[in-house]
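Enquirer: Below you'll find the structure I mean.
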Amino acid sequence: MEQLGFDGMPTRLVTATPSKLGTFEDCPRRFRMVYVDRPAPPKGPPWAHTSLGSAVHNALRSWWALARPRRTPEAARTLLHGSWISEGFRDDRQQAEVRERATGWVESYLREVDPDAEPVGVERTVATKTGTLAFSGRIDRLDDRDGELVVVDYKTGRSPLSTDDARGSAALALYAVATARTLRRPCRRVELHHLPTGAVYGYEHSEESLARHVRRAEDTAADIVRAGDAVQGGADPDAAYPARTGTHCSWCDFRRHCPEGRAAAPEKEPWAAVIPREGT
Ligand code: SF4
């Protein structure tokens with residue numbers, strides 16, 4: 001059991017990724033099913049949007065691994081087809097339509113990318129420790145811009161993004177902190193690169209805003225420890241890890257095990273998030 005220290009007690013670190021911290025903040029019950037219950041309850045069927053996102057990320061990673069002369073926008077088609085994941089789609093026709101759409105996104109995006117601007121890292125793992133938290137995560141791309149490192153995160157969802165999403169992302173802020181400490185170089189700028197629109201949303205953190213995100217992550221880590229300790233002390237797991245319902249329950253892998261979540265939001269087809277919205 002991970003445990004935080006109290007006065008006079010040795011402190012043990014909570015190990016966490018952005019995904020682990022975010023899952024607890026979104027819904028402690030879901031956290032319990034993902035990270036605590038063993039064996040873990042079976043998940044629902046795979047999502048098409050997860051397949052799409054993974055394939056696009058894999059294609060972009062592979063693009064940077066190509067020899068420089070082969071890094072062309074057109075190379076994206078071969079890479080995306082090679083990394084395609086077919087799970088979650090309604091049928092072959094829908095899958096082919098989505099793959100073609102995604103190919104267009106990646107080709108357009110890569111037309112704006114300088115193939116000579118070799119990233120410092122692609123899917124680079126960084127890690128850092130605070131007094132109570134051992135954080136690690138994998139960054140989609142780490143750029144060097146005039147001597148400063150920039151965290152780049154690819155997004156493939158159809159929802160529009162904004163600069164606020166870059167500013168408010170705990171994951172991006174923690175990546176910046178971990179990058180600076182791992183590579184011993186300044187890193188304050190974080191960017192979301194939205195593939196469907198080609199838009200880039202960036203934010204330049206200050207020391208203060210990064211410290212705020214770290215404090216919040218430590219608070220979440222403390223809540224995780226408290227919930228675990230409560231169950232160990234005999235508390236009802238459903239009370240220690242309460243259901244936090246909302247529209248996100250439609251997309252939860254564990255809703256079949258959660259009556260509150262099923263009541264709170266309708267079930268979605270596995271391909272619901274890859275169907276273009278009207279006007280897009
Ligand atoms: S369905 Fe909703 S409330 Fe239930 S575990 Fe999933 S996210 Fe939490």
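Enquirer: Can you pull the semi-axes for the chain, root of five times each eigenvalue of the Cα gyration tensor, sorted largest first, whole Å?
Expert: Numbers: eigenvalues 222, 146, 44 Å².
Ellipsoid semi-axes (Å, largest first): 33, 27, 15.
Enquirer: Let me ask something else about it. So for Asp114, Asp223, fewest C-beta neighbours within 10 Å to most, what's the order?
Expert: Going from sparsest to densest Cβ surroundings: Asp114, Asp223.
Enquirer: Throw me the Rg/Rh for the range 121-205, computed over C-alpha atoms with Kirkwood Rh, two decimals.
Expert: Numbers: Rg = 12.6 Å, Rh = 13.0 Å.
Ratio of gyration radius to Kirkwood radius: 0.97.
Enquirer: What are the DSSP H helices in the chain that stretch 24 Å or more along their long axis, judged by alpha-carbon atoms, and whose average Kyte-Doolittle hydropathy comes to at least -0.5?
Expert: Numbers: long enough: 48-65 (26 Å, -0.04); 92-111 (28 Å, -1.36); 207-232 (37 Å, -0.61).
Length and hydropathy pass: 48-65.
Enquirer: List the relative contact order of the range 43-91 as a percent without decimals, with contacts defined as Cα pairs under 8 Å and 6+ residues apart. Provide the component values of the computation, followed by the final result.
Expert: Details: 38 pairs, mean separation 28.9, N = 49.
Relative contact order of the range 43-91: 59 percent.
Enquirer: In straight Cα distance, which lysines are under 20 Å from Lys129, not counting same-chain residues fewer than 8 positions off?
Expert: Counting by Cα, and skipping residues close in sequence, Lys129 has these lysines nearby: Lys20.
Enquirer: Counting helices only, and only those DSSP H runs with n ≥ 4, report the 222 nm mean residue ellipticity of the chain as the sum of -39,500 (n - 2.57) divided by its residues, in deg cm²/dmol to the nearest 500. Mind showing how you got there, number by number?
Expert: Numbers: 10 runs with 115 residues, N = 280.
That calculation yields -12500 deg cm²/dmol at 222 nm.
Enquirer: Hey, got the dipole for the chain? About the Cα centre, +1 on K and R Cβ, -1 on D and E Cβ, debye to the nearest 20?
Expert: On the way: 40 positive and 40 negative charges, 86 e Å.
Using Cβ point charges on Lys, Arg, Asp and Glu, the chain gives about 420 debye.
Enquirer: Here's something else I'd like to know. Please compute the contact order of the chain in relative form: average sequence separation of alpha-carbon pairs under 8 Å and at least six residues apart, divided by the residue count, as a percent. Before the final figure, lay out each step's value.
Expert: Numbers: 435 pairs, mean separation 64.2, N = 280.
Across the chain, relative contact order equals 23 percent.
Enquirer: Follow-up question, since we're still on this one. Pull up the cross-link candidates among the aspartates and glutamates for Lys268, meaning alpha carbon to alpha carbon under 14 Å and not fewer than 8 places away within one chain.
Expert: Result set, ordered by chain and number: Asp253.
Enquirer: If you don't mind, another one. Given points 7 Å out from each Cα along the Cα-Cβ axis, report the Thr15 to Ser250 separation in nanometres with one decimal.
Expert: Using points 7 Å along Cα→Cβ, the separation is 3.6 nm.
Enquirer: Based on DSSP, what percent of beta bridges with both residues in the chain are antiparallel, to the nearest 5? Before the final figure, lay out the partial values.
Expert: Details: 19 of 29 bridges.
Around 65 percent of the beta bridges assigned by DSSP in the chain are antiparallel ones.
Read-outs: derived from the displayed coordinates by stated rules, not from any lab. This is a predicted model, so every value here is computed, not measured. Methodologically, a virtual Cβ is constructed for each residue, glycine included, from the backbone with ideal geometry; neighbour enumeration extends over all protein chains shown.
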